[in-house]
Each structure stands twice: as C-alpha cells, then as structure tokens.
Amino acid sequence: MNALLDLVAIAAVVGATVLIGAYGLRISRTTSDFFVASRTVRPVWNASAISGEYLSAGTFLGLSGLVLLSGAEGFWFPIGYAAGYLLVLLFVAAPLRRSGAYTIPDFIEARLESRASRRVTSAACLLIGWLYIVPQLHGAGITLQVVADVPPWVGAVLVAVLVAAAAAAGGMRAITYVQAFQYWLKLTALLVPAVLIVFAVSGGAREIDPLVVFPAEAGPSGLDAYAAGSLLLALLLGTMGLPHVLVRFYTSPTGGSARRTTVLVIVMVSAFYAVSSVIGLLARVVAPDLAQPGIADTVALVLPARVFPGLAGELLTALVVAGAFAAFLATSAGLTVSLAGVISQDVFSGSVRSFRLSAVLVALVPLAIALLTQPAGLVASVGVVFVFAASALSPVLLLSIWWSRLTARGAVAGMVTGAVACGLAFVVHAAVGGVGVAAPLLAQPAAWTIPLATAVTVVVSLTDRAGAPVRAADYLARLHTPGRG
C-alpha cells in the first residue's frame, strides 16, 4: 500500500463531500429543505441517495469479508438487504409519503393521536440510528489504521466531525446530493478492481476451483435452517424499520414517485451487492490467509495490491479506500440527518437552528460509544441493528399503515416488547455463549421476537377499551388513495 496515495484519495472524497454539501447549503433555506428537501427529490436522485446511505461499512468492507469467511452462507445478507426493499415497495413507501409527515415519530403520532406513542417511537429510532452509526465509525477507524497506520480513533473522529458539519450546514437537501454522488463512487470503487482481478485470475496461473469458492460445508448442506430463516426474516423486515431509509421517502414529490424510487433502489443495491460478493469470492482464491475474524473485513482494501504489485495495485487500493470512506460518510450522514429531525421535532422547536444543534448532538453519542468499544465483525454489527429494528419498529409501522384497529397502547406495548425481547436475547447470548438448545434462539432471535411483538400489539389493541382513534379510517384512506400525494 501507498499511504500517501490513500490519504490523497481520502482527502479527495472529503473535499468532494464539502463542495457538494456547500452547493446544497446554498439552496437550503426553509425548514422543509432541512427536514425533507421540500419533497422535491426525483426518483433517480432519490434512489441514488438512498442507495448511497444504505450501503454502509458493513456492506462495503464487511460483506466481502463475510463471503471470504463463510462462502455461500454469506449471501443471505445481500439477498435479505435487497429483498427488504420489495417489502418497502409493496407496503410502506407510498403510504408514508402520502402521510405528509417529516419523521417516523410524526407519522406515528398523527396516526394514533398519542404523544406517548411518539415518544416511544422516537426512542426506538434514536437507538436504532446510534447502533447503526457505531459500525460506520469503527469501519473508518479500521480503514485508516490499515492504510496509514494511525490509531483507530482518528478515523472515527474524522467521520463524526464531517457528517455532523455536513448535516448541520445543509440538512436533507445538501445530504441528498452528497449521498447520490457517494453511491456511484462506491460502486466504481469496487467494480473496477473486481473486473480487473477477475481478468487477472482467469488469465493467469491460478485456476478457480469451485470447491474452494463454494465448499460443501459452507453451502446449503451445511446451513442451519432456523438461523438462516431467522436472519432472512430480520433482514427483510428490518429494512422497513430503519429511520434513515424511511425518512427519504418523505422527500419524494408524490406516492407514485416514492414507488418508482424504490424500484430503482432495488436495482442499484443489487448491483452493488453482486460486486461486493465477487470480491469476497475472489479472495477465497487469491488471499485465503485473510479468512480470520477481525482481518477478513480488510480484504477489499488488501486484495488489489495482492493481485497487482506496484503502482497499479496502489492506485486500485486508493480507489477502494476512497469508496470505503464514501460508505462511512454517506450512511453516517443519512442517519445523522434522520435522527436530528427526530430530536429537533421532539425536544426542541423544530426550527433550522434546533436541527443544526440536534445534528451535532446526534453525532456525539455514537462517537463516544465507538471510542469506548472494540469493533466486532462489521456485517454482524449491522445485522444486530436489523434484528432490533425488525422487532421494535417494523410490526407497529406495518400495522399502523394497514390495520385500522391499532391503538396507541397496543403500539407502545408492541414496541417495548420487541425491543426488550431482542435486547435480552443478545445480552444473554453474549453472557452465556453458544451453549445449549437455546443458543440459536438467542443468537438469531428475530424468528420469535417479531411474532411476539406483533402478537402483543394486536392483543393489547383488541382489548384496549379506549379503542382506535376516531379518525383512523379517514387517515388510512388518505394513506391509500393514489391521488392524494
């Protein structure tokens, strides 16, 4: 590796981020600009921005590392990540846009006419967002440590400062342009090395042995049916519980535009996942020695120089480093903007000034957590967030859109049950380890925490003497009428 080239690549990404953000700042004037980009983002731009923030450190670095470690078993993550948008397309995108809300807590309060349900939703959104930002900061630390041999905290602090400044300066409108640019940079940063490495491997002395790339023990015959099914359920439903994903649909001009945006997102993220998975498969042939926990996440950074010694490999590595930093910045920025909107609306006055203050506060919490913790596997860390979101938020969100008898007490009970059950499962698993028949249930709890949260929500709603809001039917009619947004 060439540390100078890598640092120049990082500086270029940072510079481009600042310049694009400055352009967004120039046209960000109103409160609506800061919260939802005045609902004027067209499908191609919005899809690029959503893909940019969705493809996080766990995807850019962690997915190729997971495929290197686990082979075909690692494909469950990209399948679940991409397929989750099919559920968003079918059940969530257009109704959320037609609600006219700024944030998910806004929507829940309007739907259930309850401040208590709003507060619980806000707490869930903040927890999900902070848990998601931490792996991005860890990933930034890993990247700078690998390419420049600096302490991991430097990368974490750099990303936190940049995203706080960008979000506070220009809000959603500025971040939209930044994230759209960063998606195409990330795709290019992995696609170019992947194509060149494929040609180098297939035309050289190394022959690709299918048994090396797809060993039988890592294929379908070696799968744990419960673990795979539970993981896939968490990834499918977890997507619609991510606040930074959902808030972007509020920026679409209409409900139909939100649906078209979602279709484009499925195409874009699927293309990226295919490229990232190819990097992991190539590493099983070229760099099997990197298949170690804690090291595998660096494979996308190390592989180009392994295959192309000299300047060519150094330039490709610099390109990958640029894409990696774009991943950390895009996801962290999207999360910061969405959470700043929640805090600004719930704690402060909902003004532009309070949004900017909230953006800084939002970035400080995950930075403190990242500095006090050691990075685990990036994909695994992000997977935990998906399980939590699918358990705590997704059932209530779906029922609030599609079930008229949902009550505020039912929603609160369901969110608390899902969050507590999921949290206890992970805490007990971390304390006890993988021993006993309950180990799979604790390691991958989505298969029982999601039905539990849904059942509690339904039962409490049906037995709630206060009943559903009087205007629930009218509100649902608004959500499902195409001509109304």
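If you add up the charges near Ile104, with Lys and Arg at +1 and Asp and Glu at -1, over every other residue whose beta carbon is less than 15 angstrom from its beta carbon, what do you get?
Numbers: positive: Arg97, Arg98, Arg111, Arg115, Arg118, Arg119, Arg248; negative: Asp106, Glu109, Asp346.
Surrounding charge for Ile104 is +4.
Taking label positions 7 Å along the Cα-Cβ direction at both Thr481 and Ala312, the computed distance is 6.3 nm, reported to one decimal. Packing-based ranking of 392-398, 285-291 yields 392-398, 285-291, ordered from highest to lowest mean Cβ neighbour count within 10 Å. Taken per residue, the accessible surface of the chain reaches 37 Å², heavy atoms only and a 1.4 Å probe. Note on Ala473 and Phe91: the model spin-label points, each 7 Å out from Cα along the C-beta direction, lie 2.4 nm apart.
Any chance you could run the full-extension gain for Ala271 through Val161? It's 0.36 nm times the residue separation minus the Cα-Cα distance, nm to one decimal.
36.6 nm
Sorting 294-300, 455-461 by their mean Cβ neighbour count within 10 Å, with the most densely packed peptide first, gives 294-300, 455-461. Dipole magnitude for the stretch 262-418: about 420 debye, using +1 per Lys or Arg Cβ and -1 per Asp or Glu Cβ, origin at the Cα centre. Projecting the Cα atoms of Gly129, Gln444, Ala408 onto the dipole axis of the chain, where Lys and Arg carry +1 and Asp and Glu carry -1 at the beta carbon, places Ala408 farthest toward the positive end.
Over the chain, Cα pairs under 8 Å with separation of 6+ residues give a relative contact order of 31 percent.
Here the sum of -39500 (n - 2.57) over DSSP H runs of 4 or more residues, divided by the residues of the chain, equals -25000 deg cm²/dmol at 222 nm, to the nearest 500.
Protein heavy-atom surface of the chain, 1.4 angstrom probe: 70% of the accessible area is carbon and sulfur, with nucleic acids and ligands not counted. When the scattering of the chain is computed by the Debye formula from its Cα atoms alone, each counted once and equally, what is log10 I(q)/I(0) at q = 0.08, 0.12 Å⁻¹? For the chain, the Cα-only Debye profile gives -0.45, -1.02.
Give me the dipole magnitude in Debye, nearest 20, for the chain about the Cα centre, with unit charges on the beta carbon: positive for Lys and Arg, negative for Asp and Glu. Let's see the in-between values first.
Values: 26 positive and 18 negative charges, 406 e Å.
Roughly 1940 debye, rounded to the nearest 20.
Can you tell me the relative contact order of the stretch 396-447? Whole percent, Cα pairs under 8 Å, sequence separation 6 or more. Working shown, then result.
On the way: 20 pairs, mean separation 14.4, N = 52.
Worked out over the stretch 396-447, it gives 28 percent.
The values are calculated or read from the model by the stated rules, or taken from the named source; none is laboratory data. Please read these numbers as outputs of a predicted model, since none were measured by experiment. Glycine gets a Cβ as well: all are built from the backbone with ideal geometry, and neighbour counts include every protein chain shown. Heads up: the accessible areas ignore ligands, DNA and RNA and are worked out on the full protein's heavy atoms, side chains in. Shrake-Rupley method; radii C 1.70, N 1.55, O 1.52, S 1.80 Å.
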